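The values are calculated or read from the model by the stated rules, or taken from the named source; none is laboratory data. A quick note: this is a predicted structure, and the numbers were derived from the prediction, not measured. Virtual Cβ from ideal backbone geometry, glycine too; neighbours counted across all protein chains shown. These accessible areas exclude ligands, DNA and RNA; they are computed on the full protein's heavy atoms, side chains included. Shrake-Rupley method; radii C 1.70, N 1.55, O 1.52, S 1.80 Å.
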Amino acid sequence: MDGQRRGGGRPYNSGSVRVPPGAPHHAPPPPPPKSLNQEPIDREKTCPLLLRVFTKVGAHHSNEDFSVRGKEPKDEVQIYTWKDATLRELTDLVKEVAPEARRRDATLSFAFVYPSKTGRLVVREVGRTSSVPNPRRPDDSKLALRDVDFEIGDYLDVAIL
């Protein structure tokens, strides 16, 4: 499985579910979002991480664009942030440096670039946001990096659509 994370993902352990005798058996509820299980990050006391962000208009970069270390795409922005940064926060930062992302109808597609267990680089989409928030078009703005299995060292590739 080339797209699998280095650690194989994070399993969810729901524990045992007790069903009273005579009650109809239903499947256990889905696990809560990971952010509900995580302590908030104190940004005053926690050192930020360096996130290398690559932007491209029209599509994501291919995994081949990242295959040679030191020859990554030129359209890079380096951001200091925390694992609890949301895609909305990252959208606003990208809009500061990429004029195309400021269009009212722009959609930003976020993807992580990371090595698979076999060592090949993988580009995996993790969410989409609208340049301008619109309640009629819900998006992934509230997702945090840690909610979508970000690991320090991953690159963030942003397609401006």
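For region 68-80, the set of residues classified as touching a residue at least 24 places away in the same chain (Cβ under 8 Å) and either farther than 17 Å from residue 154 by Cβ or open to solvent by less than 80 Å² (accessible area, probe 1.4 Å) (or both) consists of 72, 76, 77, 79, listed by residue number.
The combined condition, being open to solvent by less than 20 Å² (accessible area, probe 1.4 Å) and within 26 Å of residue 40 (Cβ to Cβ), is not fulfilled by residue 113. Within region 93-105, residues that are over 14 Å from residue 53 (Cβ atoms) have Cβ atoms under 8 Å from residues that are in a helix (DSSP H, G or I) in these pairs: 102/95, counting only partners at least 6 apart in sequence or on another chain.
Scanning region 124-142 for residues being open to solvent by less than 50 Å² (accessible area, probe 1.4 Å) and not small (Gly, Ala, Ser) gives a total of 3. Considered as a group, the residues in region 83-104 that are of a type in the set (Val, Ile, Thr) and buried (at least 21 other Cβ atoms within 10 Å of the Cβ) include one that is farthest from the chain's Cα centre (by Cα), and that residue is 94.
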